[in-house]
Amino acid sequence: MDTESTHSGYSYHSSRSGRSNRHGDRSRERHKASSSKDSSRSERSVVINPPDTPSQDSPVHNGEPLPGEPSPGAEQGDDTQDDNWGETTTAVTGTSELSISQEEVVGLGKEIQDRTQGFRRYLPLAVGSCVGLLVVATPLVFLLLPAVMWPDRLQACGSACEGLFLSISFKLLILLVAIWALFLRPGRASLPRMCVYRAFLTTLTLLLTMSYWLFYGVRILDAQDEDYHGIVQFAVSLVDSQLFVHYLAVVLLELRHLQPCYSVCVIRSTDGETRHYNIGQLSIQRAALSILEFYYRDFPLHNPALLSAAKHRAAKHLAGLKVYNVDAFKNKLRAYLLDTPGSTAGAQPGNGNQSRAMVTAAAKRKDSAHNELYYEEADYERRVRKRRARLVVAVEEAFTHVRRMKKEDERATPSDIMDVREAALAIFPSMARSLQKYLRTTRRQHCHSMESIQKHLAFCLVNNMSPKAFLEAYLAPGPTLQYGPERWMADQWTLVSEASVTSGIKEGTEFLLKCLDFSLAITVKGIPYIRLTEEYIDPKSHKFILLLQSETSV
């Protein structure tokens with residue numbers, strides 16, 4: 001009997017593929033006689049010995065060893081493993097009482113990611129604040145500790161010492177403002193790795209401060225030095241060293257990359273939009289950040305609707321052709337009715353005729369594809385010009401109406417004067433239909449909402465702009481920053497680079513910036529060394545003499 005094997009303590013289920021079913025049927029027919037003669041076994045148990053393991057010492061069920069029995073494949077090694085193990089392997093699993101849905105797992109991952117991003121965003125600011133506080137507080141502590149711990153034995157501070165107090169006060173004030181201006185700025189972006197120069201400057205500052213603290217503790221605190229003038233000079237030297245470190249930070253972080261050294265080519269993967277920029281000595285991650293800032297400023301907004309239209313046109317041109325061969329169909333029908341070998345043989349050459357017909361039709365369609373594309377683009381441009389003309393006329397009429405109403409409002413009472421927002425809402429319906437049709441034709445309707453259009457119209461009316469100034473935002477696609485963040489469709493970028501992102505860019509460096517819908521391919525090329533020579537031109541070579549004859553005709 002073909003039933004499942006029942007084992008105590010197990011609920012044994014097996015999911016078999018079509019191949020395993022055929023294999024089980026052949027094995028069952030092969031061993032039907034042996035299984036019927038074995039009376040010592042249970043009627044509910046089926047013992048199957050595969051052809052490659054005919055021994056009965058290791059019984060298997062549906063091609064798999066029973067629980068508790070040794071596996072025959074383990075003795076023979078990995079060479080006898082089934083190639084379709086992913087289809088024939090049975091897994092015994094259990095259900096836990098503590099279950100969680102997939103939505104909860106995704107939500108938990110997003111929450112952890114948000115916390116990690118917030119921590120990474122504010123960690124450099126916190127570290128910079130702590131280091132800045134330590135730098136500013138250390139000279140003051142150097143001056144206060146002797147006056148607190150052994151004030152009776154300190155020598156009197158003369159006029160020179162008091163002048164040092166004034167010097168250290170202004171230097172600390174300048175250092176505090178410089179630290180605030182350079183290090184305590186809000187972060188523009190979250191980089192994947194720490195900036196090498198910032199880490200170097202932070203380490204240098206901590207090393208300098210700890211060295212001064214060590215010297216101060218050994219030579220001044222332990223010995224309880226009585227020369228207060230020397231202690232003040234020691235604090236002044238610390239402030240001078242910190243000012244020099246800050247000057248080094250300005251050179252490394254702000255001035256080093258100002259001189260252009262490389263030319264980068266940025267290509268958008270979807271539509272091939274290309275821009276070229278000159279940048280200086282930067283790491284790969286800092287160069288990627290600068291390129292993204294250039295992208296939001298210079299690149300037009302990414303429009304997937306235009307790409308989908310191009311894909312639809314390409315799919316229409318590459319659609320399959322259906323060719324019907326009437327002669328071949330007649331031959332096949334005659335062979336079927338007469339049931340003669342000769343007729344069937346005569347029907348076979350029709351396949352070659354059909355193939356040749358399909359190749360000929362495909363070649364003709366390929367030759368006419370450029371004509372179809374040409375006329376389609378010409379028709380699209382004609383419709384765009386038509387919609388644009390209607391939009392321009394509608395907007396000019398609306399602005400003319402506003403100017404006429406403005407002259408009438410000058411003679412009206414203050415209570416009857418219309419607000420700018422109300423005027424924008426009043427004239428918007430007259431141009432809304434034309435603007436909507438134009439945006440749909442150019443496939444940019446998702447870039448402008450009705451609220452943003454009304455706000456832009458009110459802005460133009462307040463500043464007394466012309467209709468052309470109002471239409472400039474809709475007639476041509478603008479840069480990405482012109483639209484709201486919800487239209488950017490790229491708020492998180494991934495930097496893909498073979499080299500380390502903290503290493504500097506060089507000639508031939510290539511990396512990729514990926515977002516959800518597209519990517520930016522960046523190629524770095526060095527600016528060539530320019531040799532400029534001078535050619536001297538003698539000023540006397542420009543002089544000439546005009547000789548006039550005395551006898552000339554008047």
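The values are calculated or read from the model by the stated rules, or taken from the named source; none is laboratory data. Quantities reported herein were computed from a predicted structural model and do not represent experimental measurements. Cβ placement follows ideal geometry from the backbone for every residue including glycine, while neighbour counts extend to all protein chains displayed. To get the accessible areas, we keep the full protein, side chains included, count just its heavy atoms, and leave off ligands, DNA and RNA. Shrake-Rupley method; radii C 1.70, N 1.55, O 1.52, S 1.80 Å.
Brief remarks follow.
- Between TRP150 and LEU248, the FRET efficiency estimated from the beta carbon spacing at R0 = 22 angstrom works out to 0.05.
- Entries in LYS468/LYS514; LYS386/LYS468; LYS171/LYS506 that, when Cα-Cα distance is taken, lie over 28 Å: LYS468/LYS514; LYS171/LYS506
- Cβ-derived FRET efficiency at R0 25 Å, LYS514 paired with LEU475, nearest 0.05: 0.20
- Remark: accessible surface ordering of TRP150, TRP180, TRP213 (largest first) is TRP180, TRP213, TRP150, probe radius 1.4 Å.
- Each other residue within a Cβ distance under 10 Å of SER190 adds +1 if Lys or Arg and -1 if Asp or Glu, for a net charge of +3.
- Stretching SER290 away from SER159 to a fully extended chain increases their span by 41.9 nm, per 0.36 nm per residue minus the current alpha-carbon distance.
- Local electrostatic count at ASP225 - Lys and Arg +1, Asp and Glu -1, tallied over other residues with Cβ under 13 Å: -1
- A Förster radius of 51 Å, combined with the Cβ-Cβ distance separating TYR374 from ARG198, puts the computed FRET efficiency at roughly 0.35.
- Residues listed by number, segment 455-469, amide nitrogen under 11 Å from VAL420 label point at 7 Å toward C-beta: 456-465
- The gain in end-to-end length when the SER430 to ALA499 segment is fully stretched comes to 19.1 nm, 0.36 nm per residue minus the alpha carbon separation.
- Remark: spin-label model distance VAL393-LEU548 equals 6.7 nm, labels positioned 7 Å along the Cα→Cβ axis.
- Charge context of SER269, other residues only, Cβ under 10 angstrom, K/R +1, D/E -1: -1
- Length released on extending from THR400 to PHE215, taking residue separation times 0.36 nm less the Cα-Cα span: 58.6 nm
- Two-decimal Rg to Rh for segment 225-304 - Kirkwood Rh, Cα set: 1.38
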